[in-house]
Amino acid sequence: MRQILFCIVLICSCIQFTPSKKGNNVIEKTLYGKLPDGRAVYQYTLMNKSGTTMKVINFGAIVTSLAVPDRNGKYDDVVTGYDSLQGYMDGSSYFGAIVGRYGNRIGKGQFALEGKKYQVTVNDGENHLHGGKIGFNKELWTANTVQGSAGQSLQLTYISKDGEEGYPGKVTLSVTYTLTDKNELRIVYKGTTDKTTILNPTHHSYFNLSGSFNNTILDHLLTIEADSITQVDKGLITTGKYLDVTNTPMDFRTQIAIGARINDKFEQLIFGKGYDHNWAIRNYLKGKVRKAAELYEPKSGRVMTVYTDQPGLQFYSGNFLDGTAKGKGGSYQHRTGLCLEAQCFPDSPNKPEFPTVTLKPGETYEQTTIYQFSTK
Ligand code: GLA
């Protein structure tokens with residue numbers, strides 16, 4: 001009798017304490033690698049109740065994999081990635097990372113704040129791109145698990161020194177990743193500074209919903225909730241003008257295949273070598289999250305809906321992928337992944353007509369962006 005009771009107690013305690021395969025929103029931590037200076041990089045695995053899994057490393061706050069179901073319940077990884085820390089250290093494609101201090105381009109890397117001129121690193125032709133030579137994507141972040149209503153979240157914090165890459169002020173940025181039971185990846189950013197500066201971080205995952213990175217993203221159908229883009233010059237610096245998308249290949253107001261017009265002889269597409277532009281998402285109101293885009297891959301049935309409170313969405317069709325970047329999906333060929341990056345408009349520090357990216361001491365930068373996965 002005693003033995004039977006003991007067995008029952010043992011079974012019950014196992015049920016209670018062993019994290020189920022279909023996660024309990026419990027985060028597991030494993031050693032991922034070591035930086036040349038010996039600092040350890042950890043990988044955190046988040047799994048929700050329906051079995052969707054996401055892996056994140058505290059180097060660059062990078063999402064290294066995200067496995068979501070297709071319409072038959074088959075899970076596949078939908079983000080590009082390298083297979084080791086070295087790949088992320090050497091890579092130049094910003095796979096899965098949080099990009100900052102300024103996501104996107106600043107003309108000639110120059111801007112002025114409160115009458116003072118600043119020069120940040122020039123690393124994209126004559127312009128500044130994605131935070132400079134060593135942006136937030138190449139830095140080690142501090143990771144903590146935090147308990148929220150949707151289960152555990154992973155909070156990553158990076159403290160960027162005053163003067164880093166030429167930016168003024170010490171900035172503290174925290175990014176919280178939550179994988180909800182509704183198959184949403186929620187990203188909440190909060191940033192502060194000790195001197196007036198600029199802050200415009202974004203998330204740079206490359207998605208391919210087909211289930212294989214051997215397929216291009218040209219058959220994915222896309223909708224973007226925008227009537228205009230911010231027009232760019234040939235260096236992809238915004239001119240300050242909004243370009244109406246009507247009767248242009250930039251019109252994604254009704255669902256259309258990405259490949260349908262990508263090679264049109266349209267000046268903006270020629271400048272971008274494909275899509276690499278910022279769409280001015282309708283109904284911008286500071287702090288208000290609204291639908292920005294929907295991506296649908298008809299064969300797998302996977303849908304990704306993007307919600308954000310940001311003014312703009314950079315849709316980049318993987319034009320610079322050329323097979324050089326090698327990772328878990330083999331070598332990533334031209335246009336086998338696409339980015340939908342929520343952010344403020346490019347070169348906004350030099351465009352007073354655009355929403356501001358200036359952050360002052362005492363203020364808090366905030367962003368909420370959600371990538372929601374479903375099927376149809
Ligand atoms: C962004 C830019 C692109 C390119 C990629 C990274 O999305 O807009 O031009 O630099 O990042 O390769």
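The values are calculated or read from the model by the stated rules, or taken from the named source; none is laboratory data. These numbers were taken from a predicted model, which means no experiment stands behind them. All Cβ positions, even for glycine, are placed from backbone atoms using ideal geometry, and neighbour counts span all protein chains on display. For the accessible areas, the whole protein counts, side chains as well, though only heavy atoms, and no ligand, DNA or RNA atoms are used. Shrake-Rupley method; radii C 1.70, N 1.55, O 1.52, S 1.80 Å.
What to note about this one:
- Glu139 accessible area, 1.4 Å probe, all protein chains in place, Å² to nearest 10: 40
- Working note: 222 nm ellipticity from helices only, DSSP H runs with n ≥ 4, each -39,500 (n - 2.57), summed and divided by the residues of the chain, gives -2000 deg cm²/dmol to the nearest 500.
- The stretch between Asn263 and His334 holds 24.2 nm of extra length on full extension. This uses 0.36 nm per residue minus the Cα-Cα distance.
- Residues whose placed amide H lies under 5 Å from that of Gly318, excluding near-sequence neighbours: Cys339
- Dipole magnitude of the stretch 22-67 about its Cα centre (Cβ charges: Lys, Arg +1; Asp, Glu -1), debye to nearest 20: 120
- For the chain, modelled as a GNM whose springs connect Cα atoms under 10 angstrom apart, the maximal fluctuation among His130, His334, His204 occurs at His334.
- Long-range amide H partners of Thr375 with built H, under 5 Å: Val303
- For the chain, the longest principal axis of the C-alpha atoms and the axis of helix 2-17 are separated by about 0°.
- Coupling constants for the stretch 255-262 follow from the phi torsions by the Karplus curve (6.51 cos²θ - 1.76 cosθ + 1.60, θ = phi - 60°), and in residue order they are 3, 8, 5, 4, x, 4, 10, 4 Hz; glycine and proline get x.
- Amide N proximity, the stretch 355-376 versus Asn283 label position 7 Å along Cα-to-Cβ, cut-off under 18 Å: 368-372
- Within a Gaussian network of the chain (alpha carbon springs, distance under 10 Å), most fluctuating of Ser228, Ser93, Ser149: Ser149
- Backbone phi angles across the stretch 242-249, fed through the Karplus curve with coefficients 6.51, -1.76 and 1.60 (θ = phi - 60°), yield HN-Hα couplings of 9, 10, 5, 7, 3, 6, 10, x Hz in residue order; Gly and Pro are listed as x.
- Between the residues Ile224, Val146, Ser317, the greatest Cα displacement towards the positive end of the dipole of the chain, with unit charges on the Cβ of Lys, Arg, Asp and Glu, is found for Val146.
- Built amide H within the under 5 Å cut-off of Asn183, gap 5+: none
- Neighbour net charge for Asp227 - beta-carbon separation under 13 angstrom, K R +1, D E -1: -1
- Inter-part distance where the stretch 298-376 and the stretch 265-285 are each reduced to a Cα centre, Å: 12
- Placing unit charges on the Cβ atoms of the charged side chains and taking the dipole of the chain about its Cα centre, the candidate lying farthest along the positive direction among Leu46, Val56, Val303 is Leu46.
- The mean sequence distance of close C-alpha pairs (under 8 Å, at least 6 residues apart), as a share of the length of the chain, puts its relative contact order at 17 percent.
- Residue by residue, the stretch 285-295 carries 3J(HN,Hα) couplings of 8, 2, x, 9, 7, 9, 5, 10, 7, 9, 10 Hz when phi is fed to the Karplus relation 6.51 cos²θ - 1.76 cosθ + 1.60 (θ = phi - 60°); x denotes Gly or Pro.
- Of the peptides 342-351, 288-297, the order by per-residue mean of other Cβ atoms within 10 Å, starting with the highest, comes out as 342-351, 288-297.
- Among Gly259, Thr80, Val188 - extreme Cα towards positive end, dipole of the chain, charges at beta-carbon: Val188
- Length added when fully stretched, Lys133-Val146, from 0.36 nm per residue minus Cα-Cα: 1.6 nm
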